[in-house]
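K.L.:
Structure provided below as structure tokens; questions to follow.
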Amino acid sequence: MTDVPLTPRRPLLARFLESRNGLGLLFMLPAAVFLLCFLTYPLGLGVWLGFTDTRIGRTGEFIGLENYIWLFDDPIFWLSVYNTILYTVVASVLKFGLGLWLALILNEHLPFKTFFRAIILLPWVVPTVLSALAFWWIYDSQFSIISWVLMQWGLIDTPINFLGQPNHARASVIAANVWRGIPFVAISLLAGLQTIPQSLNEAAALDGATSWQRFTKVTLPLLTPIIAVVMTFSVLFTFTDFQLIYVLTRGGPVNATHLMATLSFQRAIPGGQLGEGAAIAVAMIPFLLAAILFSFFGLQRRRWQQGND
Amino acid sequence: MPIDRRTFLSGTASLAAGAAFSGVPGARRAFAQSAAMTFQPEEGASLRLLRWVPFVTGEEEAWNANTKAFTEATGVEVRIDQESWEDVRPKAAVAANVGSGPDMVMSWFDDPFQYPDKLVDVTDLATKLGEAHGGWYEGLEGYARQDDTFIAVPLCAIGNAVCYRQSHMEKAGFSEFPKDTDGFLELCKALKANGTPAGFPHGKAVGDGNNYAHWLLWSHGGMMVDENSNVTINSPETKAAIEYAKALYETFIPGTESWLDINNNRAFLAEQISLTANGVSLYYAAAKDPAMKEIAEDIRTVNLPIGPVGKSVELHQTSTLSIFKHCKYPQAAKAYLEFMYQSDRMNAWIEGASAYCCQALKEFADNPVWTSNPVHEPYSRASESLRPNGYAGPLGPASAGVMADYVLVDMFAEAVTGQRSPEEAMANAERRARRYYS
């Protein structure tokens, strides 16, 4: 037997630290811990609570799907689902249309362009509760400025019952949400518009494209990826809206403006039924996932357009 | 800094004064207090109280002054945290659940029944206080006692009463306020005809909306559940209450179905309505504003009219004090509460609250605050006419859940706005209540 000189093995820790994967794992650890503690754990706990009859002040027992079965038979829950979808769809469409329009205007050469761009952001900057309180006064059943002006002009005799009549109330909260959400859409789309090379538009113009054609054939396709991302976020924000409704109506009149988020809060915290509240919140997840998938495929489309796939 | 003669003199003078005022008599006072008190604070104790944000500064000042006197007498520091009144419930529930945070809580309604096993048994304290001060009012005691055990000490009822404009009532042809529900309906009709209508909230108003809805139901003999927690809301009495509510609603200013707690105050002070029900705060809002002098002088208050049930029954807001089991110094906490209920302390507090808080102990019914202003008088009967929410069943998570989910408020709102027939509204309320009581 010949003596094989033994190379001393370096300590495990040193090898781990010097390996590519080990170091990578180490660097990712803080982010992973953060995600686990603050996202995965609360989400998991929420899903678990939805399967229990936990109340405030009492740990619950596993009751399977009972919360969901009860909610399935609960007209108020279905009303809140309907309200949430209506609220999200109408508000998002309006925010997209008006936001895109605003972005296109701001993208033109206007005097005081920066000033206008700053002004546009104001509704987004004001804390939601503050703007909601302002809308609360605007929609007051006795002191509404809108009613007052219309009455001064002699167009109506009695104040408009903004928040008292179900459809009025729905329209009013949607209008307030649109007012607040437009800046986000407009400014984000404006950023997208500015990444579109001017030369493409000029080339199209030289080829005789009308401005409508240039918008539909050049601007819009190039803007699609940004639109997908922006609208996903917008839909997510709208779908999970809470503050606006809570300040304006608390879900009234007779639950006509209850969103899933506000109903979840009402049942879970003041009502003390944490399990049922969690179940309502969990019921929002499929809708939110659908919105995220929509964005995912929107982004895919961009790669296909650029010929990368 | 050179110390001259003058600085030296004033310094020693203040030292001497400090010794004279705080040292010796302080010790004597502490001795006197401890002789009168049953509960002896633990060594080195300190306490934290979670309470609702005061509605009137006089109440806060009186409470804090009493607390300060307690600290001076016993050396126990008491930290008082304030939360807006709707946030007290979740905060206290979390504290009870995780076992840390405030040692005591001044909470609303049936909150203690959400976590009774997390609370210190205060039967000894509550029994002693009841015996010493003329006994507890029955309704308030119901909010503090589970079977034979006190899990809280009743503090007060925040009274609710009809507030109306005397001149508008006279103009409508009534010389005195009707005492029964039928007369009340006639008054509201006449007020409407004069263009000075009434208004009660049918929206999700935690306080005023629930007060109104419970009065409607109870005055007509309806109830959410019977003594055995069987849901009995679907009944002829409830139907009568709904029909009555519909008739009253016809006389209201438009828009009450969207009203939250503050709307009726706003409409009343802006002279849009001339009758509503509220705490005494409505009167004080007018009395404190020179521009509203005329309104303030015209405001009269009266208890809500008596319905077919034949006696005055109302919900009112109720507050109790409870001690958490995680409190390290339960004896100090009991001593604190005992101190706050001493006759002169409690009287000072009730007086400071200027008719906002109605006594829980009968001895304090002759507090001068009730006779100091005729507007205060109806509020003095709050503890008497008070009925616990969830009547006639026991308090607990079910009663709390039903009220927090606005089951009763929604039932009346559905019917008066014509969204559902009275029968459908009752059936819906029954279905929702069963979920909590099953």
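K.L.:
Please work out whether the protein assembly as shown counts as rounded, prolate or oblate from its C-alpha gyration tensor, where a ≥ b ≥ c are the square roots of the eigenvalues and a/c under 1.5 means rounded, while otherwise a/b larger than b/c means prolate and anything else oblate?
P.N.:
oblate
K.L.:
Same structure again: Indicate, rounded to the nearest 5 percent, the antiparallel portion of the DSSP beta bridges found entirely in chain B.
P.N.:
So the antiparallel bridges amount to about 65 percent of the total.
K.L.:
May I ask which residue of B:A355, B:T196, B:L395 lies farthest towards the positive end of the charge dipole of chain B, with charges of +1 (Lys, Arg) and -1 (Asp, Glu) on Cβ and the Cα centre as origin?
P.N.:
B:A355
K.L.:
Could you tell me which residue out of A:V185, A:P253, A:W78 lies farthest along the dipole of the range A:67-305 toward its positive end? Charges go on the beta carbon: Lys and Arg +1, Asp and Glu -1, centred on the Cα centre.
P.N.:
After comparing all options, I get A:V185.
K.L.:
Mind ranking B:172-180, B:159-167 by how tightly packed they are, going by the mean number of other C-beta atoms within 10 angstrom, highest first?
P.N.:
B:159-167, B:172-180
K.L.:
Continuing with the same structure: I need the calculated FRET efficiency for the pair B:E176 and B:S438, taking r as the beta carbon distance and R₀ as 51 Å, to the nearest 0.05.
P.N.:
My answer for the efficiency is 0.60.
K.L.:
Report the Cys residues of chain B lacking a disulfide-compatible partner, meaning no second Cys Cβ under 4.7 Å from their Cβ.
P.N.:
Those would be B:C163, B:C188, B:C327, B:C358, since no other cysteine Cβ in chain B comes under 4.7 Å of theirs.
K.L.:
Once label points are set 7 Å from the Cα along Cα→Cβ at both B:Q331 and B:E250, what is their separation, rounded to one decimal in nm?
P.N.:
6.7
K.L.:
Which is the longest stretch in chain A that no exposed loop site breaks, taking sites as GluC sites (Glu not before Pro) with a DSSP loop state and at most 14 other Cβ atoms within 10 Å?
P.N.:
By the stated rule (loop sites, at most 14 other Cβ atoms within 10 Å), A:109-309.
K.L.:
Further question: Have a look at the DSSP beta bridges in the protein assembly as shown and tell me what percent are antiparallel, nearest 5.
P.N.:
Beta bridges within the protein assembly as shown, antiparallel portion: roughly 70 percent.
K.L.:
Additional query: Would you mind ranking B:L47, A:L289 by Cβ crowding within 10 Å, fewest neighbours first?
P.N.:
Result, fewest neighbours first: A:L289, B:L47.
K.L.:
For every helix of n ≥ 4 consecutive DSSP H residues, a contribution of -39,500 (n - 2.57) applies; sum these over chain A, divide by its total residues, and give [θ] at 222 nm rounded to the nearest 500 deg cm²/dmol.
P.N.:
The helix-only estimate for chain A comes to -21500 deg cm²/dmol at 222 nm.
K.L.:
Taking the 0 to 90 degree range and rounding to the nearest ten, how far is the long axis of helix B:422-437 tilted relative to the main principal axis of chain B, both from C-alpha atoms?
P.N.:
30
K.L.:
Gap in Å between the Cα centre of the range B:117-178 and the Cα centre of the range B:69-92?
P.N.:
Centre-to-centre (Cα) distance: 21 Å.
K.L.:
Neighbouring Cβ atoms within 10 Å as the yardstick, rank B:M292, B:M346 fewest first.
P.N.:
B:M292, B:M346
K.L.:
Next question. For the range A:114-125, what does the Karplus curve 6.51 cos²θ - 1.76 cosθ + 1.60, with θ = phi - 60°, yield as ³J(HN,Hα) per residue in whole Hz, taken in order and with x for Gly and Pro?
P.N.:
5, 4, 4, 4, 5, 4, 4, 6, 3, x, 6, 7
K.L.:
Tell me, what is the percent relative contact order of the range A:67-305, built from C-alpha pairs under 8 Å that lie six or more residues apart?
P.N.:
Worked out over the range A:67-305, it gives 28 percent.
K.L.:
Oh, and also: Can you compute the FRET efficiency between A:Q198 and A:A31 using 1/(1 + (r/R0)^6), with r the Cβ-Cβ distance and R0 = 56 Å? Round to the nearest 0.05.
P.N.:
0.90
K.L.:
Taking a ≥ b ≥ c as the square roots of the Cα gyration tensor eigenvalues, with a/c under 1.5 meaning rounded and otherwise prolate when a/b beats b/c, else oblate, which class fits the range B:109-256?
P.N.:
Verdict is prolate for the range B:109-256.
K.L.:
Which whole-number percent is the relative contact order of the range A:1-134 (Cα, under 8 Å, 6+ apart)?
P.N.:
Result for the range A:1-134 is 7 percent.
K.L.:
Here is a follow-up. Count the net charge of all other residues whose Cβ sits under 9 Å from the Cβ of B:H214, scoring Lys and Arg as +1 and Asp and Glu as -1.
P.N.:
That works out to 0.
K.L.:
If you find the alpha carbon centre of the range B:250-291 and of the range A:8-79, how far apart are they in angstrom?
P.N.:
When both Cα centres are located, 49 Å separates them.
K.L.:
What angle do you read, to the nearest 10 degrees and between 0 and 90, between the alpha-carbon axis of helix B:181-193 and the longest principal axis of chain B?
P.N.:
Result, in degrees: 80.
K.L.:
Something else: Count, for each residue of B:111-117, the Cβ atoms from other chains sitting within 10 Å of its Cβ, then give me the mean as a whole number.
P.N.:
Per-residue shielding by partner chains comes out at 3.
K.L.:
Sticking with this structure for a sec: What longest region of chain A stays clear of chymotrypsin sites (Phe, Trp or Tyr not before Pro) that DSSP places outside H, G, I, E and B and that have at most 14 other Cβ atoms within 10 Å?
P.N.:
My reading of the result: A:1-111 is the longest stretch.
K.L.:
For a quick check: with amide H placed at 1.01 Å from N, whose amide H comes under 5 Å from A:T52's, ignoring anything fewer than 5 positions away on the same chain?
P.N.:
Excluding prolines and chain starts, which carry no amide H, the hits are A:I63.
K.L.:
Among A:F237, A:A204, A:H109, whose Cα lies farthest out toward the positive end of the dipole of the protein assembly as shown, if unit charges sit on the beta carbon of Lys, Arg (+1) and Asp, Glu (-1)?
P.N.:
Checked the options; the winner is A:A204.
K.L.:
Output the relative contact order of chain B, whole-number percent, from Cα pairs under 8 angstrom with separation of 6+ residues.
P.N.:
Once normalised by length, the contact order is 26 percent.
K.L.:
May I pose another question? How do B:Y341, A:Y41 line up, fewest other C-beta atoms within 10 Å first?
P.N.:
So the ranking, lowest neighbour count to highest, is A:Y41, B:Y341.
K.L.:
Follow-up question, since we're still on this one. Within the range B:224-281, which GluC sites (Glu not before Pro) sit in a loop by DSSP and count at most 15 neighbouring Cβ atoms inside 10 Å?
P.N.:
In loop regions of the range B:224-281 (DSSP not H, G, I, E or B), the sparsely surrounded GluC sites (Glu not before Pro) are B:E227, B:E271.
K.L.:
Further, regarding this structure: With the Cα gyration tensor of the range A:67-305 giving a ≥ b ≥ c as the square roots of its eigenvalues, does the rule (a/c under 1.5 for rounded; else a/b larger than b/c for prolate; else oblate) give rounded, prolate or oblate?
P.N.:
Oblate.
K.L.:
Based on DSSP H runs of at least 4 residues, each adding -39500 (n - 2.57), what is the mean residue ellipticity at 222 nm of chain B after dividing by all its residues, to the nearest 500 deg cm²/dmol?
P.N.:
It comes out at -13500 deg cm²/dmol, rounded to the nearest 500.
K.L.:
Let me ask something additional. With a sphere of radius 9 Å drawn around the Cβ of B:K325, what net charge do the other residues whose Cβ falls strictly inside it have (Lys, Arg +1; Asp, Glu -1)?
P.N.:
After counting each charged neighbour, the total is 0.
K.L.:
Taking the simple approach of a point 7 Å from Cα along Cα-to-Cβ for both A:L23 and B:E227, what is their distance in nm?
P.N.:
7.9
K.L.:
Compute the long axis of helix B:88-98 from its Cα atoms, compare it with the longest principal axis of the Cα atoms of chain B, and write down the angle in degrees, 0 to 90, nearest 10.
P.N.:
Once rounded, one gets 60 degrees.
K.L.:
Distance between Cα centroids, the range A:149-167 to the range A:271-299: provide it in whole Å.
P.N.:
So the two Cα centres are separated by 37 Å.
K.L.:
Name the long-range amide H neighbours of A:T257: under 5 Å, sequence gap of 5 or more, or other chain; modelled H, no Pro or chain starts.
P.N.:
It is A:G252, by chain and number.
K.L.:
With a point put 7 Å past each Cα toward its Cβ, work out how far B:T57 is from A:V47 in nm, to one decimal.
P.N.:
Label at B:T57, label at A:V47, 5.4 nm between them.
K.L.:
By the scheme Lys and Arg +1, Asp and Glu -1, what is the net charge of all other residues having a beta-carbon under 11 Å from that of B:E430?
P.N.:
So the environment of B:E430 carries a net charge of +2.
K.L.:
Non-local amide H neighbours of B:T232 (under 5 Å, H modeled in plane, Pro and chain starts lacking H): which ones?
P.N.:
It is B:V225, B:D226, by chain and number.
K.L.:
Moving on. Give me the inter-chain shielding for B:404-417: mean count of other chain Cβ atoms within 10 Å, whole number please.
P.N.:
Mean inter-chain Cβ contacts per residue within 10 Å come to 4.
None of the figures in this text is laboratory data; all of them are computed from the coordinates on show. What you see is a predicted model; the values in this text were computed from it and never measured. Note that each Cβ is placed from the backbone with ideal geometry, even for glycine, and that neighbours are counted across all protein chains shown.
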